[in-house]
Amino acid sequence: MFKRTLGSKAQQLSTSPYVSINSRAERGEATTVIGRRDLWLLLVVFMLGALLRIGVAQGSPLWGDEVFSLAIATGHSLEHPAAVADRARGDFVEPDHPIPAEEFQRYLKHDEPPSSPARVVRAVLLSDTSPPLYYLLLYCWTLIFGTSDIVLRMFSIASSLACLPLLVGVARRTGGPEAVLPTCILFAFSPLAIYYSTEGRMYSLLWLCVLATTWISLLLQERGERIATYALWCLASAAGFLTHYFFLFPWLATVAYLLVRPGKLVRLHLAECVILTGLVILPWYLRLPESLNSWRVTQGWLKMQPAGFNRLGAFFELVAQSFSWQLFRQPWIGYRASYISALILFAFVGVGMLWRLRFHNCNRGILLLWLLFAAACAAPFAVDFVQHTYMVAKTRYAIAALPAAYLLAAVGLACFGRRVRLLIVVLIVLAWAPSVLTIYRNRFPWLPMRKIARAISGDSRPSDLILVHSIPSGVLDIARYSNGSAALASWVGQLRTRRVPDSIHQLAAGRTRIMFVKVHEVGEPAPEEDWLRANALVFKESRVGSARIVDFRPINSKSF
């Protein structure tokens, strides 16, 4: 009788979700085993995720931040003060006369011969507030494959796809084999993941560094004494610190987790790894105060309070973005229903996880996932508190939380039976579908740069002038897609190199028409537009996305 009862209890325990996630992991059983069918499914998910990302990347032009990435990666600084510009080193300089669009386009190409990596690092120091690793890797990538739109974005896509094997490794060690496929499906079809996987910025590389550090940390906890694993941990940590400064927050969460639950890891060796990582990144971080204190064209833009800003609402959007996200707030009821449906489904998974695991939610690597998610979400709040900025309103600064969000969701999904788990995942993907379709159709509906450029240059003549009021990356963005015969002139108000009316007389002399476009100006007033409105004829005025285009003609004469 006792044996039968004991056998019954053992059978119940063996089928409980908590045991499948944790007890078997502690015994080293089954958590590293993935069935052949699941391997094929993972391959299908990988291929579909890749095709979807490539399709999205091909569908829209670059926007200002991506143009900035391309300029820096080819060794051209854009955001420096006018007084320190060095034309010989490829720095952006406002020409004192109109020039063909091709002259501006040279800032987005490698020189002949190509600039050195040292010039890329110099451009980062002058222009950006991020570390240089992404730009150095992009420098090598574009030297090999070129500087087209799709090539720029393919580096981000490749980085995001490289995250999938690491997601598999982390999911197996935190949620068991049942969590592997849901994690990869969520990452592959998430609108937020697709959006930032197809942007020519460093966010995909940041995910890769966070996941690599997380996976290696779990290996250290599990295996301990392996010099190669320690070296990989230092390498992944250093790469993260040299990719994005906000890597600090998930990294601190990882170190805290290893200190509290070291497993087979020796804490002294962890301290040595931390010191070694610090020595590797020290040459760059010694120059960090100089870099952050340098003036830039977009200086202080994070201190501009967004319209209708609400800190509580911003916090909700920041935390919820990984689970339900839209490219922009859609007025149609279908989109609102899909947004709410996704949140409800994830909430259901979360409640199921808390109920089924109860007090074991912080067992094994699950605690690490909670710490990673919380630290990444807290990062913008910490910076806002210190710098008095509105970074919390820019949800991309908490983007490092995305892998942990889907790993936690997969742990919750692993608590359900296979059929229920599959049903929930399918419903989540369906709820995400409208947002994914919106991204596929147009990644930047508010800033269609190709359409803007063609609207002002498509029917232009050699006697026309295209006057672009923007920051340097905005000027180059217009020039990249201009296809007319008119010359271009930039008006970057922050540089203070233009004067009204002298600069307008110099730029417009002999022109029969001025096509004025104001886009991505970062709050800088446009005195040249005021002067033109007072001294020229407004022939036509239109809007394309967020850009405002004004066609000015001379008054009582054929030319200005």
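All of the numbers you see were taken from the coordinates with simple rules; none came from a lab. Nothing here was measured: the structure is a model prediction, and the numbers come from that model. Positions of Cβ are generated from backbone atoms using ideal geometry, with glycine treated the same way; all protein chains shown enter the neighbour counts.
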Put in order of increasing Cβ neighbours within 10 Å, starting from the fewest, HIS520, HIS505 give HIS505, HIS520
Which entry in (1) 27.0; (2) 24.9; (3) 25.6 is this structure's computed Kirkwood radius over Cα pairs in Å? (3)
The exposure ranking of ASP86, ASP502, fewest beta-carbon neighbours within 10 Å first, is ASP502, ASP86
Multiplying the sequence separation of ASN556 and ARG37 by 0.36 nm and subtracting their Cα-Cα distance, what value in nm do you get? 179.1 nm
Convex hull per residue volume in Å³, alpha carbons only, for the range 449-553: 86 Å³
What number of lysine-lysine pairs in the chain show an alpha-carbon separation below 29 angstrom, given a sequence spacing of 8 or more or placement on distinct chains? 12
How do VAL386, VAL429, VAL168 line up, fewest other C-beta atoms within 10 Å first? VAL386, VAL429, VAL168
Once label points are set 7 Å from the Cα along Cα→Cβ at both ALA374 and GLU541, what is their separation, rounded to one decimal in nm? 5.3 nm
What percent does the relative contact order of the range 449-553 come to when contacts are Cα pairs within less than 8 Å and at least six residues apart? 30 percent
The FRET efficiency for ILE275 and SER116, from their Cβ-Cβ distance with R0 = 25 Å and rounded to 0.05, is 0.25
Give me the percent of DSSP beta bridges within the chain that run antiparallel, rounded to the nearest 5. 55 percent
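Please compute the alpha carbon radius of gyration of the range 206-300, then divide it by the globular-protein estimate 2.2 N^0.38 Å. Two decimals is fine.
Against the compact-globule rule of thumb, the ratio is 1.19.
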